[in-house]
């Protein structure tokens, strides 16, 4: 993968994860489709995903700068 592709994936994933972490987007969606029992486990998935996408973005920026 090129550093440009990694950067796009990292930024897109970070934005989506941040939206789902800090706004009630998934809580409302899960309530509408009847999966509100799973809302308590969202933090177990979303916060590590946000951290992973942030690290991917930092890595892509580092690779871009080195190139």
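Nothing in this text is a laboratory measurement; each read-out follows from the coordinates by a stated rule. No experiment lies behind these values; they were computed from the predicted model shown. Neighbour counts are summed over all protein chains in view; Cβ atoms, including those assigned to glycine, are modelled from backbone coordinates with ideal geometry.
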Completion exercise
Each label sits 7 Å from Cα toward the beta-carbon; between residue 3 and residue 52 the label points are separated, in nm, by 2.4 nm
Practice task
Calculate, axis by axis, the spread of Cα positions in the chain along the three principal axes, and write the results as whole Å, longest axis first.
Solution key: 48, 18, 17
Fill in the blank from the handout: Expressed as a whole-number percentage, the relative contact order of the chain with C-alpha contacts under 8 angstrom and at least six residues apart is 56 percent
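Report the calculated FRET efficiency for residue 59 and residue 39 (r = Cβ-Cβ distance, R0 = 35 Å), to the nearest 0.05.
0.65
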Problem - the chain, helix-only ellipticity at 222 nm - DSSP H runs n ≥ 4, -39,500 (n - 2.57), divided by all residues, nearest 500 - result: -27500 deg cm²/dmol
